[in-house]
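Scroll down for the structure; my scribbles are underneath it.
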Amino acid sequence: MAQEIEIEFKNLVTQDEFTRLISHFHIKDEDFSSQDNHYFDTPDYQLKGKQSALRIREKNGTYTLTLKTPLEEDLLETNQRLTKEESESLLHKGAFPEGEVKDVLISLQIPTGSLHYFGTLTTSRAEINYKDGLLVFDKSSYLQKEDYELEYEVKERTSGEAIFLNLLEELNIPLRETDNKIKRFYLEKLKKD
């Protein structure tokens, strides 16, 4: 099964802080690429209720179905490659493909037939290697909203957190409680409903 533990630290930043960050790390416009995250849940938000999230990420002509589920302090990601046809069939017809993600959803007692697409978050992203991790610069647009975020993806929690907090302090960026993208999307969607 294509599963991995996701250990990441994230912080929302202002547009000015984002501009300072990309300048500090010498990131150019051409270093950014775009990706679309298409989100799914049941009408009564059963995935959200289990602190889980389901998306198709469309990036550079590839489609990856990802289910994120809680695992202690981190998240367990179950990933499955889709063809363009499988992706479009799930998005437009609700036809859920066979595979690892469906198997995990069944084990969580989430009826795949009741999952529906409820929106897209588009991210312009740049990434650089930074001190044994991956530093990610994201500008996201969804539901007429835009936000900016710095993420740090690591293999080891304790040292990764120290490096991330030190970087924020060094650049005089306050630590902010930051929900993940799907939760920010949900909160914005619930405001609109």
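No value in this document is a laboratory result; all are computed from the given coordinates. If you're wondering where the values come from, they're calculated on a predicted model, not measured in any experiment. Note that we place each Cβ from the backbone using ideal geometry, even for glycine, and neighbour counts take in every protein chain shown.
Filter the GluC sites (Glu not before Pro) in the stretch 38-78 to those in DSSP coil with at most 14 other Cβ atoms within 10 Å of their Cβ, and list the result. When the GluC sites (Glu not before Pro) of the stretch 38-78 are filtered for loop state and at most 14 Cβ neighbours within 10 Å, E72, E73 remain. For the stretch 171-193, the residues whose amide N sits under 12 Å from a probe point set 7 Å from the Cα of T14 along the beta carbon direction are 173-174.
Scanning residues 5 or more positions from A2 or on other chains, those with amide H under 5 Å from its amide H are N79, with H placed 1.01 Å from N in the peptide plane.
3J(HN,Hα) along the stretch 173-182: 10, x, 6, 10, 5, 10, 6, 6, 4, 5 Hz, from the Karplus curve 6.51 cos²θ - 1.76 cosθ + 1.60 with θ = phi - 60°, whole Hz, x for Gly and Pro. A Förster radius of 25 Å combined with the Cβ-Cβ distance from F32 to A95 puts the calculated FRET efficiency at roughly 0.15. Using R0 = 22 Å, the C-beta based FRET efficiency linking E169 and D132 works out to 0.75. Against the main long axis of the alpha-carbon atoms of the chain, helix 157-170 sits at an angle near 50°. Spatial offset of the stretch 112-140 relative to the stretch 142-161 amounts to 9 Å, using the alpha carbon center of each. Between E156 and R176, the simple label model (points 7 Å from Cα in the Cβ direction) yields a spacing of 3.1 nm. What is the sum of charges, Lys and Arg at +1 and Asp and Glu at -1, for the other residues whose Cβ falls under 15 Å from the Cβ of D44? Counting the neighbours of D44, the net charge comes to +1.
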